[in-house]
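*Asks:* Quick one: structure below, then a few questions.
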Amino acid sequence: FSRARPELGWIFIIDLAVWGILLVAVPLARAWPPPERVWRCALAVLGGYVVLCGVGRAAAEVQARRELVREGLSSAELRLFPEPLGPHRFRAAARAEDRWDVFLVRVLSGRVERAGSAPTDVGDPRVEEIRASPLGRRLEHFMAAPVWRRRPDGSVEVRDLRFEPLVVRRRNPFV
């Protein structure tokens, strides 16, 4: 047992293609006996889709790292997150000192577009106090790209860029 948290980061958490493949197989398995053949085909298609997502992520990482070199951020910590609605877009978050730079990587066209920056108050004494607490350490372990902010009232908030897709905007991100 370990506290390590392996993840592939290939497929968005709710991928419509995965659900579509599986849901289409249900009526087909009932209509065309033997159902085992339909399910094997569906699983083969699903496996192919997962491989396609993995290839997309590998290409996105190469493209994102190339963009970071162009922007003088080659030493930045890089995190990649799949975007909803297909394996052809990934969100790249690069941590450079006191901010995360966010990019949208379009795998098929090879374009990497800057999508903004998220300043983080790592280093602020109050933020560091919270980060050092047991809950703060658990949050740091769970979050892939944590953005720590000290609010004007002295409280501290943290959000994870992993839960802020660029393609589908949410008004209230998980904080």
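*Asks:* With only Lys, Arg, Asp and Glu charged, each at its Cβ (+1 for the first two, -1 for the last two), find how big the charge dipole of segment 70-175 is about the Cα centre; round to the nearest 20 debye.
*Replies:* Result for segment 70-175 is approximately 460 debye, rounded to the nearest 20.
*Asks:* Please name which of Val107, Ala44, Leu85 has its Cα lying farthest along the dipole of the chain towards the positive end, using unit charges on Cβ (Lys, Arg +1; Asp, Glu -1) and the Cα centre as origin.
*Replies:* Ranked along the dipole, the leading option is Ala44.
*Asks:* Let me ask something else about it. Round to the nearest 0.05 the FRET efficiency obtained for Glu77 and Leu28 when R0 = 41 Å and r is the Cβ-Cβ distance.
*Replies:* 0.35
*Asks:* Keeping every protein chain present and rolling a 1.4 Å probe, give me the accessible area per residue for segment 68-175 in Å².
*Replies:* On the way: 6010 Å² over 108 residues.
That works out to 56 Å² for each residue.
*Asks:* Can you pull the semi-axes for the chain, root of five times each eigenvalue of the Cα gyration tensor, sorted largest first, whole Å?
*Replies:* Computed over the chain, the values are 36, 20, 14 Å.
*Asks:* Show that you can apply the helix-only estimate: for the chain, add -39,500 (n - 2.57) for every DSSP H stretch of four or more residues, divide by all residues, and state [θ] at 222 nm to the nearest 500.
*Replies:* Details: 4 runs with 69 residues, N = 175.
-13500 deg cm²/dmol, from helical runs alone.
*Asks:* With an 8 Å Cα cut-off and a minimum separation of 6 or more residues, compute the relative contact order for segment 32-137 in percent.
*Replies:* Numbers: 127 pairs, mean separation 18.6, N = 106.
So the answer I get is 18 percent.
*Asks:* Take the solvent-accessible surface of the protein heavy atoms, probe 1.4 Å, and return the percent of it on the chain that carbon and sulfur atoms account for.
*Replies:* The C+S portion of the solvent-accessible surface of the chain is 60 percent.
*Asks:* Right, next: Run the paramagnetic zone check for Arg138: 7 angstrom along Cα to Cβ, then residues of segment 1-18 with backbone nitrogen under 18 Å.
*Replies:* From segment 1-18, the list is 2-5.
*Asks:* Continuing with the same structure: Of the listed peptides 80-93, 17-30, what is their order by residue-averaged count of other C-beta atoms within 10 Å, with the highest listed first?
*Replies:* Answer by packing, highest mean first, reads 80-93, 17-30.
The values are calculated or read from the model by the stated rules, or taken from the named source; none is laboratory data. Keep in mind it's a predicted model, so treat the numbers as computed, not measured. Cβ atoms come from the backbone with ideal geometry, glycine included; neighbour counts cover every protein chain shown. Surface areas here come from the heavy atoms of the whole protein model, side chains and all, with no ligands, DNA or RNA. Shrake-Rupley method; radii C 1.70, N 1.55, O 1.52, S 1.80 Å.
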